[in-house]
Amino acid sequence: MICAYLFITPVKVAINRAVFIFSMLDVEAIKGYILSFGIWAPVVSFLLMIFQSIAAPLPAFLITFANAALFGWVKGAILSWTSSMAGAVLCFYIARIYGRTTVERLTNRFALQEVDKFFDKYGNYAILIARLLPFVSFDIVSYAAGLTSMSLWSFLWATGLGQLPATIVYSYVGGMLTGGVKTFVTALLILFSLSILIFLIKKLWDEKNKKTV
């Protein structure tokens with residue numbers, strides 16, 4: 001992919017355009033971009049989700065909103081969930097095959113170190129928690145998981161279960177709301193996700209204290 005970006009001009013232009021659209025944080029812009037590909041729109045959406053997985057920390061929830069608005073919340077949720085799973089698995093294998101040096105180039109060394117500490121404390125729970133937060137890119141967690149001894153099957157279970165509730169909620173909301181209302185609902189979803197995060201952390205803390213007693 002890097003070689004294609006460097007040496008194939010159409011690929012470079014397409015990637016730069018996608019990055020620019022993501023940087024706008026505008027669901028309508030992403031919808032327009034996806035629709036511009038006609039019958040290939042679902043395929044482009046799938047590839048966009050994989051692209052944002054590699055190019056952390058671009059926000060995946062924007063694509064989830066766009067998919068719901070374009071394809072209906074049920075089909076949009078299926079498309080968003082499967083493509084995010086594919087992106088997560090790709091990150092996992094990039095880390096496992098190419099190692100930590102490559103992952104640090106694709107992400108951020110400091111962020112990766114923080115995720116390492118989180119994994120040391122909570123293991124698979126770290127993946128579940130990361131999937132619940134819309135503004136925390138879970139791509140770094142996927143990379144970090146690939147650097148551990150975790151099996152692909154364990155990673156898939158944790159990722160699939162952790163990602164599914166958020167995907168359903170965002171897709172359902174995204175299929176109904178437009179414009180500024182989405183911004184308001186997104187804020188509510190953040191609060192909802194943070195509440196779940198606090199609950200999970202408290203539960204993990206209580207379990208940890210029970211083991212030490």
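The values are calculated or read from the model by the stated rules, or taken from the named source; none is laboratory data. All figures in this text were calculated on a predicted structure; none of them were measured in a lab. Methodologically, a virtual Cβ is constructed for each residue, glycine included, from the backbone with ideal geometry; neighbour enumeration extends over all protein chains shown.
Residues that are surrounded by fewer than 20 Cβ atoms within 10 Å (Cβ to Cβ) and either within 15 Å of residue 45 (Cβ to Cβ) or modelled with pLDDT under 85 (or both) within region 86-104 comprise just one, 86.
Considering each of 129, 140 in turn, give the residue that is surrounded by 20 or more Cβ atoms within 10 Å (Cβ to Cβ), closer than 30 Å to residue 31 by Cβ, touching a Pro at 6+ places or on another chain (Cβ under 8 Å) and β-branched (Val, Ile, Thr). Please lay out each step first, then the result.
On the way: 129 fails: touching a Pro at 6+ places or on another chain (Cβ under 8 Å).
Just one listed residue meets the conditions, 140.
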